[in-house]
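So the structure is just underneath, and the comments pick up after that.
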Amino acid sequence: MSLKPPAQPAKIQNRAVAIFGGTFDPVHHGHLRAAAEVSEWLKVTDFRLVPVGSPPHRSRTFASAFHRLAMLELALAPYSDLAVDDREVRRGGRSFMVDTLKSVRQEVGDAPVFLCLGQDAANHLDTWREWERIFDLAHLVVMTRPDSRSSYPENLATVINDRSVTRTRDLMDSPAGGVRHVEVTQLAISSTNIREQLAQRHSPRFLLPATVLAYIEKHNLYRLPADHSDGLE
Ligand code: ATP
């Protein structure tokens with residue numbers, strides 16, 4: 001009698017993945033609307049919001065990684081096509097996007113990976129660790145708004161121009177290396193403004209999901225003095 005080998009867990013192959021990183025401190029409708037529009041435009045069903053564990057470019061976050069993850073989970077709970085990916089928090093240490101993309105690439109084989117960035121973040125891409133390596137690992141999708149202008153430094157502008165594709169299909173047919181700019185609705189909402197409102201005892205209701213606001217109130221986040229513990233609790 002020959003024994004059948006145990007079924008191997010299927011390695012996810014050729015399924016496009018989109019990564020949208022941010023501090024999400026807290027997540028708000030600006031993030032969510034941008035994520036919804038880009039995921040629809042890319043037609044990816046695996047769209048992941050990746051909260052930064054420990055930001056390389058900021059001294060600290062205001063809410064802990066534990067709370068930022070919990071708020072994202074609440075915000076995305078109704079939407080099965082948008083998910084939280086906690087790998088940067090789990091990894092610990094400073095969160096470098098290149099490390100995040102390397103680990104995603106290991107999981108998805110040669111499937112297309114899209115790194116979705118706001119124009120504000122993309123303008124400084126050349127300050128990121130191993131930034132040129134990012135193009136070996138992912139396509140860059142820069143989320144712009146009607147009045148936003150790119151202000152890439154010269155070295156970055158050259159790379160972006162060389163890699164820009166005009167047809168979305170060109171991104172779908174290869175795992176990495178292309179650049180597209182996509183216009184998304186930019187709601188005039190920022191986490192900074194929400195934190196300021198909370199610190200002044202104003203309600204930021206309707207700027208973020210009600211479930212997230214309820215969580216903030218329950219845990220007394222963003223009140224003065226600021227909750228600025230970092231890492232998991
Ligand atoms: P903060 O005010 O603390 O700087 P933020 O609101 O800008 O935070 P981040 O978590 O830093 O949020 O943003 C993550 C990504 O989301 C960035 O690439 C940014 O461009 C994008 N983003 C932030 N706010 C909006 C918005 N209102 N509309 C669309 N995209 C947004």
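Largest accessible area first, the listed residues M71, M172 line up as M172, M71 when surface is computed with a 1.4 Å probe on the assembled protein chains.
With all protein chains kept in place, the per residue accessible area of the chain amounts to 53 square angstrom at a probe of 1.4 angstrom. Given axes a ≥ b ≥ c from the Cα gyration tensor, I'd like to know whether the chain is rounded (a/c under 1.5), prolate (a/b larger than b/c) or oblate. Oblate is the answer for the chain, as a/c is 1.5 or above yet b/c matches or exceeds a/b. Could you grab the relative contact order for the range 17-185? Cα pairs under 8 Å, six or more apart, rounded to a whole percent. Value for the range 17-185: 23 percent.
Using the empirical formula 2.2 N^0.38 Å as the baseline, the Cα radius of gyration of the range 78-149 reaches a ratio of 1.20.
If you roll a 1.4 Å probe over the range 93-190 with all protein chains in place, what percent of the accessible area is carbon or sulfur? Please list the in-between numbers first.
Numbers: 2120 of 4850 Å².
Answer for the range 93-190 is 44 percent, counting heavy atoms of protein chains only.
The values are calculated or read from the model by the stated rules, or taken from the named source; none is laboratory data. Note that the structure is predicted; figures quoted are calculated from it, not measured. Please note that ligands, DNA and RNA were not included when accessible areas were found on the heavy atoms of the full protein model with its side chains. Shrake-Rupley method; radii C 1.70, N 1.55, O 1.52, S 1.80 Å.
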